[in-house]
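What follows is one structure encoded as structure tokens, with my remarks underneath.
The values are calculated or read from the model by the stated rules, or taken from the named source; none is laboratory data. Remember, predicted model here, so these are calculated numbers, not experimental data. As a convention, Cβ positions derive from the backbone with ideal geometry for all residues, glycine included, and neighbour counts pool all protein chains shown. For the accessible areas, the whole protein counts, side chains as well, though only heavy atoms, and no ligand, DNA or RNA atoms are used. Shrake-Rupley method; radii C 1.70, N 1.55, O 1.52, S 1.80 Å.
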Amino acid sequence: MEDQILNEEEKDVDDEVVEEETMPAEEPAGSKEAEYLERLQRLMAEFDNYRKRTEKEKATTYDRAVSSTVTELLSIVDNFERALKLESSDKPFYEGVTMIYKQLLAAIEKVGVTTIETVNQTFDPAFHNAIFHVEDDSVGANTIVEEMQKGYIYKDKVIRHSLVKVAN
């Protein structure tokens, strides 16, 4: 029994020694290492925020450039559409103009611009601009019956509203 008591006392002493050995030495609150670590972490966070902000600004600038360029090209597309509505006796010339028109539309679509659907759709002021109202009982109320000018969307933003004729 005495051996057990002695062994327990030795264990207590050994535990105290182990605890003292594993306890880290306390650092002063304002130590240089802690200060440098905090500054480094702040700088890393600031840099990450800067990187995200510049990526967002770059994407916004690109979207604005595409929108303004496409807006300028839309008047050319409109002129091609008007030219194609006219009948021409020069068949090769008409086919050439058609090919150029299709290429221009393909280039605009490749950038991500889409046309707004209009005819037989419900009028939506977010996408359409009503310039005529007609009384037509064969179609429902607020239904678009004719498109006067195409509208276009780029990345869920309307570049140009569709000009439409709406039935009441």
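Numbers for the structure displayed
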| quantity | calculated |
| --- | --- |
| Residues of the range 40-76 satisfying the condition of being open to solvent by 70 Å² or more (accessible area, probe 1.4 Å), closer than 24 Å to Gly112 by Cα, of a type outside the set (Ser, Thr, Tyr) and within 19 Å of the chain's Cα centre (by Cα) | Lys52, Arg53, Glu55, Lys56, Glu57, Lys58, Arg64 |
| Every residue from the range 80-121 that is of a type in the set (A, V, I, L, M), closer than 30 Å to Thr143 by Cβ and open to solvent by 40 Å² or more (accessible area, probe 1.4 Å) | Ala83, Leu86, Val119 |
| Subset tally (residues that are surrounded by 14 or more Cβ atoms within 10 Å (Cβ to Cβ) and touching a Lys or Arg at 6+ places or on another chain (Cβ under 6 Å)) for the range 122-145 | 1 |
| Condition met for Met148 (modelled with pLDDT of 95 or more and either open to solvent by 70 Å² or more (accessible area, probe 1.4 Å) or assigned to a strand (DSSP E or B) (or both)) | no |
| Residue satisfying all of: in the range 125-155; among the hydroxyl-bearing types (Ser, Thr, Tyr) and in contact (Cβ under 8 Å) with a residue 12 or more places away in the chain; farthest from Thr60 (Cα to Cα) among these | Thr143 |
| Filter result (in contact (Cβ under 8 Å) with a residue 24 or more places away in the chain, loosely packed, with under 15 Cβ neighbours inside 10 Å and part of a loop (DSSP other than H, G, I, E, B)) within the range 156-168 | Asn168 |
